[in-house]
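The values are calculated or read from the model by the stated rules, or taken from the named source; none is laboratory data. Keep in mind that what you see is a predicted model, and the values were worked out from it rather than measured. Methodologically, a virtual Cβ is constructed for each residue, glycine included, from the backbone with ideal geometry; neighbour enumeration extends over all protein chains shown. When the accessible area is computed, the model is the full protein with side chains, heavy atoms only, and any ligands, DNA or RNA have been set aside. Shrake-Rupley method; radii C 1.70, N 1.55, O 1.52, S 1.80 Å.
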Amino acid sequence: MTEQPRVARTIPRRGRERNLVDVRPDWPGGPPPALVQANVPDVDLAGWLAGHRDEVDELARRAGAVLFRGFAVAGAADFRTVMATLSDDVLSYGERSSPRSKVTEGVYTSTEHPADQPIVAHNEQSYTVNWPLRIVFHCEVAPAAGGRTPLADSRRVLARLHPETVAEFERRGVLYRRNYLPGISLSWQTAFQTERREDVEAYCARALIDVEWVSDRQLRTRQVRPAVRRHPVTGERTWFNHALFFHVTSLPDDVSAGLRAALDEEDLPYQTAYGDGTPIPDEVLAELRAAYAAETRSFDWQRGDVLLVENMLAAHAREPFTPPRRILTAMSDPVAAPELSEALRTGGAVAGDRP
């Protein structure tokens, strides 16, 4: 007798769903994320999502992130199928700030930052003028120890900051200065995925980025972006920036001290300031760190997990880990910054996104 191929369960009738899948907006530790748990083996996540897009959208926007656990997702091909169900617009990774390897179309390894170093909480590509509304992760190999992906609700981070702090950032914006230095940071060829200077200059002109060729090998860029954005669907104000993430003091102490001893301030690989170039005071940086810390929640990865992060509503980080660990990632649904349209209309950049 010929063995029949396995067919993943796609939950054909709502009457059976309570037994197969549980949806838990709140679970120990509190959101984010909310939890969608498959209670039996082989439930097909893409099939379940196809019938529950509206429910998932609402859950993600309320909690900031959704963890799908126990579903039949095993590797890049399954993950890409899930992404195709979640979105019609899965993105490539451009204007890069961390090393990643492409696995398949639209799917990358999560950052290849050293395993012994943490990654500070941030909203993916908030420094651009065209960022993903969502970033999604898939645990292909769970870490031997550590390696969690902590989350912080960006709305609640904003609410924890002093009104004076927020007002100052809203008035000035955030200046991002980057130096592409081979051997120290990403090369400009890797960051912009080209070998041609004219391609970089054309991209930066479209993206409201100032370009300075310091030498044949060194590119310096500057861009000013708002610190606070509004979610395009919910209209909620959210703390959405890389002001802390790209600040040199967010690196491990020895790395930060070494860079500052070896390089002039203007040559640091990454640095942030207020939009007019004024340094961000130490006490403000400490306030930002405390706000993120107070709102951070985390969970232990399990093989097969899929984590959907509503990028404008939740920041994500990474803890140090003991290998092996393999987390895949994909981004979807680009959002164009309001100042991009304004710049096209007026011929100049706009520093803030006013409420």
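Among the criteria (1) closer than 30 Å to ALA63 by Cβ; (2) out of contact with any Asp or Glu (no Cβ under 9 Å at 6 or more places or on another chain); (3) of a type outside the set (Val, Ile, Thr); (4) not in a loop (DSSP other than H, G, I, E, B), the one GLU198 does not fulfil is (1). Checking each residue in segment 106-128 for being touching an Asp or Glu at 6+ places or on another chain (Cβ under 9 Å) and open to solvent by less than 10 Å² (accessible area, probe 1.4 Å) picks out TYR127, THR128. Candidates PHE245, PHE240: the one that is closer than 23 Å to ALA167 by Cα, open to solvent by 50 Å² or more (accessible area, probe 1.4 Å) and among the aromatic types (Phe, Trp, Tyr) is PHE245. Looking only at residues that are aliphatic (A, V, I, L, M) and under 24 Å from ALA38 (Cα atoms) in segment 283-313, which one is nearest to the chain's Cα centre (by Cα)? It comes out as VAL309. Among the criteria (1) assigned to a loop (DSSP other than H, G, I, E, B); (2) closer than 26 Å to GLU58 by Cβ; (3) open to solvent by less than 40 Å² (accessible area, probe 1.4 Å), the one ARG229 does not fulfil is (1). Being part of a helix (DSSP H, G or I) and under 29 Å from HIS138 (Cα atoms) is a property that ALA290 has.
Cβ separations smaller than 9 Å between residues 6+ apart or across chains give the following pairs from segment 49-63 residues that are touching a residue at least 24 places away in the same chain (Cβ under 8 Å) and under 12 Å from LEU86 (Cα atoms) to residues that are of a type in the set (Lys, Arg) and part of a helix (DSSP H, G or I): GLY51/ARG14. Applying the criterion of being open to solvent by 10 Å² or more (accessible area, probe 1.4 Å) and of a type in the set (Ser, Thr, Tyr) to the residues of segment 314-342, the residue that is nearest to PRO33 (Cα to Cα) is THR322.
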